[in-house]
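Reading through the structure tokens given below for one structure.
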Amino acid sequence: MTVENVLKYGVRILIIFMVLPIHEYAHAFAARKLGDRTAENMGRLSLNPISHIDPIGAICLVLTGFGWAKPVPVNPNRFKHIRSGSIITALAGPLSNIIVGYIGLVLYKFVVFIFMAEMTQTIYYVEIILSYFVVVNLSLAIFNLLPIPPLDGSRVLTTFLPLKYQWKIQDYQMYISLAFLVIIFSGILDYPLNFLVNLLFSVIDFLSGWVDIIFM
């Protein structure tokens, strides 16, 4: 295994213990602000990774670069506006990944520009780590927006469905999730997901263009 691959898997493990907790905390924080204390009362308004790690989601993340944590419990009936509250809470997690990925890209650009003239092996490895860090965060954001249980996109989708269809999705959630696992490991989703990740990267690259201007 090359050093680059070791760093890649190392970053994925770092994501599990550092970024997934931020993702789930963002859900719980948004719900709390909107009036639902369910996650807070269950100890999920926390950055402790033990509170959030899902073993299967973590394994998927290490092996494929796409994964998830334990879904934060939310009671939409406690929101003043159920639909908008549910959507905001669901989108808070992916948004946190985009923000963290943006910060990672800014750091990457600073490292590249500052050490451009004196590149060392250590700096080279730091750049690789930061680049993987950015890509995995953006991958998590896009992946979690898919409208498939237990991902955040499914929470957004169900807010627009009649109640009888919501119950049907809930009844078949286990089978849907198992089928989804097969699809993930088959690689069928790799191309469309990577296309969307690259598209999102181009957006945050543009928004971090002020770093390029500083060092021009």
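Some notes on this structure:
- For the chain, radius of gyration divided by Kirkwood radius, i.e. Rg to Rh on alpha-carbons: 1.01
- Helix runs (DSSP H) in the chain reaching 30 Å along axis by Cα, Kyte-Doolittle at least 1.0: 82-114, 121-144
- Alpha-carbon geometry of the stretch 1-89: the Rg and the Dmax are 15.2, 53 Å, given in that order.
- Solvent-accessible surface (1.4 angstrom probe) belonging to Glu4, in square angstrom, nearest 10: 60
- Descending Cα extents along the principal axes, the stretch 32-150, whole Å: 57, 28, 26
- Values of log10 I(q)/I(0), in the order q = 0.16, 0.22 Å⁻¹, for the stretch 49-104 under a Debye, Cα-only, solvent-free model: -0.65, -0.97
- Protection-proxy order for peptides 21-27, 10-16, each taking the mean of Cβ atoms within 10 Å per residue, highest first: 21-27, 10-16
- Taking the empirical scaling 2.2 N^0.38 Å for compact globular proteins as reference, the stretch 101-166 has a Cα radius of gyration ratio of 1.74.
The values are calculated or read from the model by the stated rules, or taken from the named source; none is laboratory data. Everything numeric here is computed off the predicted structure, so don't read it as measured data. Note: ideal-geometry Cβ built from the backbone for every residue, glycine included; neighbour counts use all protein chains shown. For the accessible areas, the whole protein counts, side chains as well, though only heavy atoms, and no ligand, DNA or RNA atoms are used. Shrake-Rupley method; radii C 1.70, N 1.55, O 1.52, S 1.80 Å.
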